[in-house]
Amino acid sequence: MAVFFDTHAHLDFPDFESDLPEVVARAEAAGISRIITIGTTMESSRRAVALAQRFSNVFAAVGWHPGHAEEAPEDFRAELRDLARSPKVVAIGECGLDYYRLPGKTGGPAEADERIKAKQLQVFRQQIQVAADLGLNLVVHTRESFADTVEVLSPSARTVRGVFHCFIGTPAEMGQVLALGSLVSFTGIATFKNAAGVRESLAACPAGQFMLETDCPFLAPVPFRGKRCEPAYVQTLAQAVAELRGESLETLGDQTCQTARAFFRGLV
């Protein structure tokens, strides 16, 4: 059986509260030998670290998701830095920018948009600094904010790399990411009928420049679409990716696992 990693999961979410040991065991049985569980707030990040300590094949990333930026204190760098020194923390994140649910787009007061964007930017920049201080890379979230995300990350490109997780951009946008020395990562969206553009980027991505993930409990690949996603489903995603790229599962597994080990410091 070809071996793969799930490089982006949210095992601390309530969706897995009732059967997490079974979820982890199913992943291992499916050939998913490593899972990185991703923090979205400081408390979520602490839970991620605890899960990494609980399960031998689970590792953690710690950070603040832009969707929770307004909850972040003015300066959380010292606290995040301390947490990121925990054993089995392999990256900072999930961090970035997200303009999808700004009040002006959802019927709220548009004048709040700039305040929220400014707070997201502050939170993102603090995490870039922590990553640079500790020699870690970033798990990057961008939604309807790609150009701004690239602009913010660019000045630090020589010291900090990012993986643009759940990548749904065009091949040209992917080229901008790769030009920074960063990577992209693909989810079960690549199997969706309406995701031809994602498959175009995936087919064009050079070997060694992308990883695979579930973003579970979200985005289960076909034929599980609409159900709770879990790390075992990386194997289903990988089968579709290997067919699209004309590669064997073994080659795809070797390449993506090697890429992940090189990117996530301490992922053994």
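The values are calculated or read from the model by the stated rules, or taken from the named source; none is laboratory data. Just so we're clear, the structure is a prediction, and the values are computed from it rather than from any experiment. Every residue, glycine as well, gets a Cβ built from its backbone with ideal geometry; the counts of neighbours run over all protein chains shown. Ligands, DNA and RNA are stripped out before the accessible areas are found, and what is left, the full protein with its side chains, is counted by its heavy atoms. Shrake-Rupley method; radii C 1.70, N 1.55, O 1.52, S 1.80 Å.
Could you bin all the Cα-Cα distances of the stretch 45-190 into 5 Å bins starting at 0 and give me the percent of pairs in each, rounded to whole numbers?
So the P(r) values, bin by bin, are 2, 10, 19, 21, 20, 15, 10, 3, 1, 0.
So how do Ser156, Ser182 rank on accessible area, 1.4 Å probe, biggest first, that is with the largest at the start? Walk me through the intermediate numbers first.
Values: Ser156 30, Ser182 0 Å².
Reading off the accessible areas and sorting them downward yields Ser156, Ser182.
Checking understanding here: applying a Kyte-Doolittle mean of at least -0.5 and a length along the axis of at least 20 Å (C-alpha), which whole DSSP H helices in the chain pass? It would help to have the intermediate numbers written out before the result.
On the way: long enough: 113-134 (32 Å, -0.53); 249-263 (21 Å, -0.30).
Those that clear 20 Å and a mean of -0.5 are 249-263.
Counting every Cα pair in the stretch 170-220, what percent are over 14 Å apart? Spell out each step's value before the answer.
On the way: 643 of 1275 pairs.
Within the stretch 170-220, distances greater than 14 Å cover 50 percent of Cα pairs.
Keeping the other protein chains in place, figure out the carbon and sulfur percent of the accessible area of the stretch 91-135, with a 1.4 Å probe.
On the way: 1000 of 2000 Å².
Taking all protein chains in place, the stretch 91-135 shows 50 percent carbon and sulfur surface.
With N set to the residue count of the stretch 30-116, report its C-alpha Rg divided by 2.2 N^0.38 Å to two decimal places. Don't skip to the answer; put the middle values down first.
Numbers: Rg = 15.5 Å, N = 87, 2.2 N^0.38 = 12.0 Å.
Working it through for the stretch 30-116, the quotient is 1.29.
Given the Cα-Cα distance of Asn57 and Glu151 and 0.36 nm per residue of separation, how much length would full extension add, in nm? Don't skip to the answer; put the middle values down first.
Values: separation 94, 0.36 × 94 = 33.84 nm, distance 3.47 nm.
Going from the current span to full extension adds 30.4 nm.
Bins of 5 Å, beginning at zero and ending with the bin holding the largest distance: percent of Cα pairs per bin for the chain, please.
1, 6, 14, 18, 20, 18, 13, 7, 2, 0, 0
At a 1.4 Å probe, what is the % contribution of carbon and sulfur to the accessible area of the stretch 136-268? Kindly include the intermediate steps, with their values, before the conclusion.
On the way: 2970 of 5590 Å².
Percent of accessible area from carbon and sulfur atoms in the stretch 136-268: 53.
Go ahead and set up a Gaussian network model of the chain, Cα springs under 10 Å, then flag whichever of Gly226, Gly253, Gly162 fluctuates most.
Gly226
Given a Förster distance of 22 angstrom, what is the FRET efficiency for Glu200 paired with Ala179, based on the Cβ-Cβ distance and rounded to 0.05? Don't skip to the answer; put the middle values down first.
Details: r = 18 Å, r/R0 = 0.83.
Rounded to the nearest 0.05, the efficiency is 0.75.
If I take every Cα pair under 8 Å that is 6 or more residues apart in the chain, average their sequence separation and divide by the length, what percent do I get for the relative contact order?
Numbers: 549 pairs, mean separation 55.7, N = 268.
Relative contact order here is 21 percent.
Averaging the inverse of every distinct alpha carbon separation and then flipping it gives the Kirkwood radius. What is it for the stretch 204-268, in angstrom units? The partial results should precede the final answer.
On the way: mean 1/r = 0.0796 Å⁻¹.
Radius from the Kirkwood sum: 12.6 Å.
Can you tell which of Glu28, Glu74, Glu230 shows the greatest fluctuation in a Gaussian network model of the chain with Cα springs below 10 Å?
Greatest mean-square fluctuation among the candidates belongs to Glu74.
Given 10 Å bins starting at zero, what is the percent of C-alpha pairs of the stretch 1-80 in each, up to the one with the largest pair distance?
So the P(r) values, bin by bin, are 19, 47, 24, 9, 1.
With springs only between Cα atoms under 10 Å apart, run a GNM on the chain and tell me which of Glu22, Glu200, Glu43 wobbles the most.
Among Glu22, Glu200, Glu43, the largest mean-square fluctuation in the Gaussian network model of the chain belongs to Glu22.
Over the stretch 1-158, what is the relative contact order in percent, taking alpha-carbon pairs closer than 8 angstrom and at least six residues apart? Don't jump to the answer; show the numbers that get you there.
Details: 270 pairs, mean separation 30.5, N = 158.
Here the relative contact order equals 19 percent.
Tell me the per residue accessible area of the chain using a 1.4 Å probe; a whole number in Å² is fine.
Details: 11290 Å² over 268 residues.
On a per-residue basis, 42 Å².
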